[in-house]
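This report refers to the structure that appears directly beneath it.
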Amino acid sequence: MDVSNLRSNYPKLLAYLAENHYGKAHTNWIKRCINLVLTDGASSEIESYEQLYWFEVEKCGYVNKCTRKTFRSVLGTVWQFDKTGKCPVWYEPTGFMAPPKDTDLLSKQFKCILEQFQIDAKVGGKRDYTVKVESRAAVCFLFHLQARGKSRIEDVCEPDVQSFFYDGEKTIRSRAYVDKVLPALKTAVNMIGEPAADVISMLPKMPKARRNYQYLRNDESAKLRAVIHDENASCNLLDKAIVAIAYYTGMRGTDIRALTLDNIDWDNDSIHIIQSKTGEELRIPLTTSVGNALWDYITSQRPRSVKEEILVSDRRPFIQLPHLWHHIKKVFNEADVRREGGRTGVRIFRHHLATSLLANETEAPVISSILGHRDPDSLNPYLDADIEHLRECALSIEKYPVAEEALML
């Protein structure tokens, strides 16, 4: 196989590993695989990285699954760099020797619809995250149609569409999925015309449901606060900093991940950001609890990183955190809260802050300003979780006796 590109550029990969302080063992694995590609891979008998992998496994007699997995992963890193120039990121798979994705298995027409939708969505200014979510839903829907033997929009009939939402006994996908699938189908209308419009008309007319927001009970809230302020807690400073920010500010996860030192005004005790969801400015107080948690993490645990974000991964390369749930879950476990299930993501802290402020009779505009709501009506769903004030609306049933047997059902 052609190894000329790797031969010319592999020093860049090694320099990247050095700059990001990769360990000696991992760097040696990379060097070994580079050398393997430049020697055995250059042989006329080897035509691909996959063939080189199996050649080396047989040659060295790798029988241990862990060793083969490591070798495949590291060789995949070299393969990705050689083919795309991309350096390794620990949470992103390289795709080397991976099974085909659903998108690769779509029919030619369905794949064209998906690709055109993604182009139109980005030109139209949709956020990358929104495009990703709607694309994933579209792939799921189109793959379902294909599994029913329909590889063209023109061949789709109503049972094909309805079965995606109903299994014959109950609803398996909600109105939210209809909304996510619709943009790709609108692209199909522009490409195909009336047949795609017919498919849109086959989508179920579902009412827009709204679930009650989960919230933290008082005892759960107290346990979490105790962990945040416990110097002897087993969860680390990064975990506690994330939960402190989420708990005391109600910030969205994407905004927490994007925080930089420029967002923190230490002198005036405030946090100033541009919200990722609305694009609008938000200034909120930097409380002592949040400030201390951030300062402890920055000065005692944060690894050296060229990234501007405050919260970075604890694995090389030290980059912006890809997600927060794992860190939050460790704090929940330390506090012995919701080990048996229930919402434990960053959103529950936003809900908790809103419901707590409502319970203390804080004015709605003030709550909206703290949470960064653009639409005042965004506060309405939180009213359903304002238990204290809902109790005041309850009617007594003492005039309407209920049989004891009914209460025992």
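Quick one: in region 62-95, which of the residues that are at pLDDT 90 or above, open to solvent by 90 Å² or more (accessible area, probe 1.4 Å) and among the basic types (Lys, Arg) is farthest from Ser313 (Cα to Cα)?
Filtering first and then ranking leaves Lys83.
Can Asp230 be described as assigned to a helix (DSSP H, G or I), acidic (Asp, Glu) and out of contact with any Phe, Trp or Tyr (no Cβ under 8 Å at 6 or more places or on another chain)?
no
Checking Trp54 against (1) among the aromatic types (Phe, Trp, Tyr); (2) surrounded by 14 or more Cβ atoms within 10 Å (Cβ to Cβ); (3) assigned to a helix (DSSP H, G or I): exactly one of these is not met. Which one?
Of (1) among the aromatic types (Phe, Trp, Tyr); (2) surrounded by 14 or more Cβ atoms within 10 Å (Cβ to Cβ); (3) assigned to a helix (DSSP H, G or I), only one is false for Trp54: (2).
Just name the residue that is farthest from Ala246 (Cα to Cα) out of those in region 268-290 that are in contact with a helix residue (DSSP H, G or I) (Cβ under 9 Å, 6 or more places away or on another chain) and among the small types (Gly, Ala, Ser).
Checked region 268-290; the qualifying residue farthest from Ala246 (Cα to Cα) is Ser276.
For residues that are among the basic types (Lys, Arg) and either more than 22 Å from the chain's Cα centre (by Cα) or open to solvent by 40 Å² or more (accessible area, probe 1.4 Å) (or both), tally how many sit in region 347-364.
1
Name the residues in region 108-143 that are without any contact (Cβ under 8 Å) to a residue 24 or more places away in the chain, part of a helix (DSSP H, G or I) and surrounded by 15 or more Cβ atoms within 10 Å (Cβ to Cβ), would you?
The answer is Lys111, Gln118, Val131.
Can you list residue pairs whose Cβ atoms sit under 8 Å apart, with the first residue in region 153-180 being free of Cβ contacts under 8 Å to residues at least 12 places away in the same chain and the second being open to solvent by 60 Å² or more (accessible area, probe 1.4 Å) and aromatic (Phe, Trp, Tyr)? Count only pairs 6 or more apart in sequence or on different chains.
The qualifying pairs are Ile172/Tyr166.
Taking the conditions exactly as written (under 29 Å from Thr278 (Cα atoms), open to solvent by 50 Å² or more (accessible area, probe 1.4 Å) and in contact (Cβ under 8 Å) with a residue 40 or more places away in the chain), does Gln214 satisfy them or not?
So Gln214 fits the description; yes.
Step by step: first the residues of region 144-153, then only those that are within 17 Å of Met191 (Cβ to Cβ) and among the basic types (Lys, Arg), then the one that is least open to solvent (accessible area, probe 1.4 Å). Which residue is that?
Going through the qualifying residues, I end up with Lys150.
The values are calculated or read from the model by the stated rules, or taken from the named source; none is laboratory data. Predicted model, so just to flag it, every value in this text is computed and none were measured. Counting neighbours? That spans all protein chains shown, and the Cβs are built from the backbone with ideal geometry, glycine included. Just the protein is used for accessible areas: all its heavy atoms, side chains included, with ligands, DNA and RNA removed. Shrake-Rupley method; radii C 1.70, N 1.55, O 1.52, S 1.80 Å.
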